[in-house]
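Step one of this worksheet: look at the structure below.
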Amino acid sequence: MPRLFCIFAAYYIIIMRKLLHLTSFLLALLPLLSCGDDGNDPVEPTPQPQPVVAGKHFTQTCDMPAEASETTVTLTGLTQQVSSTAGSASWLTTTLQAYSSGTPQVKVACTENNQAESRTQAVTFIAAKDTLVLTIIQAGKQPQAETRFVGGDISLLTKYEQQGAQYKDKNGQAITNVISFLKEQGWNTLRVRLFVDPTKSSDRKSCVQDLDYVIALGKRIKQAGMLFMLDFHYSDTWADPAAQWTPASWLTLNDEQLAQKVYDYTTDCLQKLNTAGATPDFIQTGNEISYGMLWGQNGTTQNRCYTNSAAANWNRFYSFLRQATRACREQCPEARIILHSERVPNVGTLTDYFDRMKTQAIDYDIIGLSYYSYFHGKFSQLRSALDALIAKNYGKAIQIVEMGYPFKWAIGGTTTDYTDTYPLTNEGQRQFTADLITLLKQYPQVEGLSWWYPEANAYGCSGDLNSGWYNASLFDNETGRALNALYELKNFK
């Protein structure tokens, strides 16, 4: 009996092992057998974001639908500089630098890769938080504006109103609220400049825009349901390619302290604007800063950033931009940041500037340009500049943040005479505006057009604004009537 039991137990073990092997085989075969039942391929799990280990390489893949212009990749565990790659089978990233605070959301331009053997390209990420969100933009589909932004810089409107300027529409009817009137004419964006301490400026007629002034005007813009563009000058007076003077109260600071001051000042201004209900929608981190910013005391020749300037000058400039942008991202995360240049007449300098910004991974959203035909050349010159910028594929939208054309008398210092095509008349100004709009609308990347100083109107003024008229306004200084170009601008949208 014991012998029979042992034999039976041995056969039982052998049979059970065979059954286990058969079960394993059938389980392995089951997914293949089930594929043909409903005609659907098995669904692979979606790759999850991978933790990033400092100093090690990793690959984060993403799918780019053919019809899409961008997609998003989220990287987690990012705490310090790492060398990484991101992309899919046919998209490559370019160099990127994120900021050291906040949760950065950064758009990364991509180029189409037609070489099967090259699938990804290294990119450096720097961030202090543990999550970085990237937006990968499809090659050949640069971000195109869903909305066009049209308007003007009305920085002196408050003072004109205080001095009794009388604004009228083109038919002579009184305008009781200029901002509301501009909105009714199709404008949607208004710009205001900001000086650190304009009481130190030698131009007390036009440089009056301290923070309190800007808060009040910015609040009116927002309450009217319009977009607010804030233009930091980082100076007590006009900042432009010939003058980027450091504010008087900042002159004793060294470069490191000055960079911190840029951050602190920008943060303070934006916090107060936010609190007052005047949060900007666009922020210029400097005005016409083609050659750098915060050069030093008025008259100094130091710290300029020309194409042949020392690397130290440029590095100093980059540190200021990074601090300004960091403050903007922290305080106004929804605002779009503009880098502003007026180098339309010198295309080589213009592209060198934005090449440097790309190489240094300076964070911004929009290329802002000044274009005054009487200084910068005819439309062919503007077209050359736009063509060159777009050919560089920076992956940025473009806005003309300053422009204008006179309607009666020439602007002082005019270097390009366009009066054979656009006479200095109400109609000539309107036709210039219409033709400019036609040109710009040929470029999907150009999303904004802003007239500089449209509010100039000496009619009825009792103070210093009644003299030294600006001749490229959109109101007639002698009658207060709106000019036809003001109404033409809406056709840019």
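Odds and ends about this structure:
- Scanning the range 284-314 for residues that are touching a helix residue (DSSP H, G or I) at 6+ places or on another chain (Cβ under 7 Å) and within 19 Å of Val347 (Cβ to Cβ) returns Ser290, Cys305, Thr307.
- Within the range 299-310, the presence of a residue that is crowded, with 17+ Cβ neighbours inside 10 Å, closer than 27 Å to Ile400 by Cα and under 18 Å from the mean Cα position of the chain (by Cα) is excluded.
- Residue match in the range 146-164 (condition: among the polar types (S, T, N, Q), part of a strand (DSSP E or B) and at pLDDT below 95): no
- Residue selected from the range 216-258 under the condition aliphatic (A, V, I, L, M), open to solvent by less than 10 Å² (accessible area, probe 1.4 Å) and within 17 Å of Phe317 (Cα to Cα), by the criterion nearest to the chain's Cα centre (by Cα): Ala239
- When Lys272 is tested against (1) farther than 24 Å from Phe149 by Cα; (2) open to solvent by less than 30 Å² (accessible area, probe 1.4 Å); (3) in contact (Cβ under 8 Å) with a residue 60 or more places away in the chain, only condition (2) is not met.
- Cβ-Cβ under 7 Å pairs, at least 6 apart or on other chains, the range 213-239 side at positive phi, far side open to solvent by less than 10 Å² (accessible area, probe 1.4 Å) and not charged (D, E, K, R): Tyr234/Val262; Tyr234/Gly286; Tyr234/Met293; Tyr234/Leu294
- Residue that is within 30 Å of Tyr318 (Cβ to Cβ) and in contact with a strand residue (DSSP E or B) (Cβ under 8 Å, 6 or more places away or on another chain), where the choices are Gly377, Gly404, Gly395: Gly395
- In the range 320-340, residue farthest from Phe228 (Cα to Cα) [restricted to those that are open to solvent by 40 Å² or more (accessible area, probe 1.4 Å) and out of contact with any Phe, Trp or Tyr (no Cβ under 8 Å at 6 or more places or on another chain)]: Glu330
- One residue from Gln399, Gln431 being within 31 Å of the chain's Cα centre (by Cα), modelled with pLDDT of 95 or more and more than 20 Å from Asn471 (Cβ to Cβ): Gln399
- When the criteria are applied in full, Thr279 meets the requirement of being within 22 Å of the chain's Cα centre (by Cα), surrounded by fewer than 22 Cβ atoms within 10 Å (Cβ to Cβ) and not in a helix (DSSP H, G or I).
- Verdict on Tyr263 being aromatic (Phe, Trp, Tyr) and surrounded by fewer than 21 Cβ atoms within 10 Å (Cβ to Cβ): yes
- Subset of the range 178-192 (residues that are more than 17 Å from Thr279 (Cβ to Cβ) and touching a residue at least 12 places away in the same chain (Cβ under 8 Å)): Val178, Ser180, Phe181, Leu182, Lys183, Gln185, Gly186, Trp187
- Residues being of a type in the set (Lys, Arg) and assigned to a helix (DSSP H, G or I) are represented in the range 258-273 by at least one member.
- Test: residue in the range 422-441 that is in a loop (DSSP other than H, G, I, E, B) and without any contact (Cβ under 8 Å) to a residue 12 or more places away in the chain: yes
- Test: residue in the range 447-464 that is closer than 23 Å to Ile175 by Cα, in a loop (DSSP other than H, G, I, E, B), open to solvent by less than 50 Å² (accessible area, probe 1.4 Å) and aliphatic (A, V, I, L, M): yes
- Qualifying position, being in contact (Cβ under 8 Å) with a residue 40 or more places away in the chain and closer than 29 Å to Leu217 by Cα, among Tyr364, Tyr291, Tyr353, Tyr318: Tyr364
- Enumeration of residues in the range 166-181 that are within 17 Å of Ala216 (Cβ to Cβ) and surrounded by 16 or more Cβ atoms within 10 Å (Cβ to Cβ): Val178, Ile179
- The single condition from (1) part of a loop (DSSP other than H, G, I, E, B); (2) in contact with a strand residue (DSSP E or B) (Cβ under 8 Å, 6 or more places away or on another chain); (3) open to solvent by 30 Å² or more (accessible area, probe 1.4 Å) that Val196 fails is (2).
The values are calculated or read from the model by the stated rules, or taken from the named source; none is laboratory data. The structure displayed is predicted, hence computed values, not measured ones. Note: ideal-geometry Cβ built from the backbone for every residue, glycine included; neighbour counts use all protein chains shown. Only protein heavy atoms, including side chains, enter the accessible area calculation; ligands, DNA and RNA are left aside. Shrake-Rupley method; radii C 1.70, N 1.55, O 1.52, S 1.80 Å.
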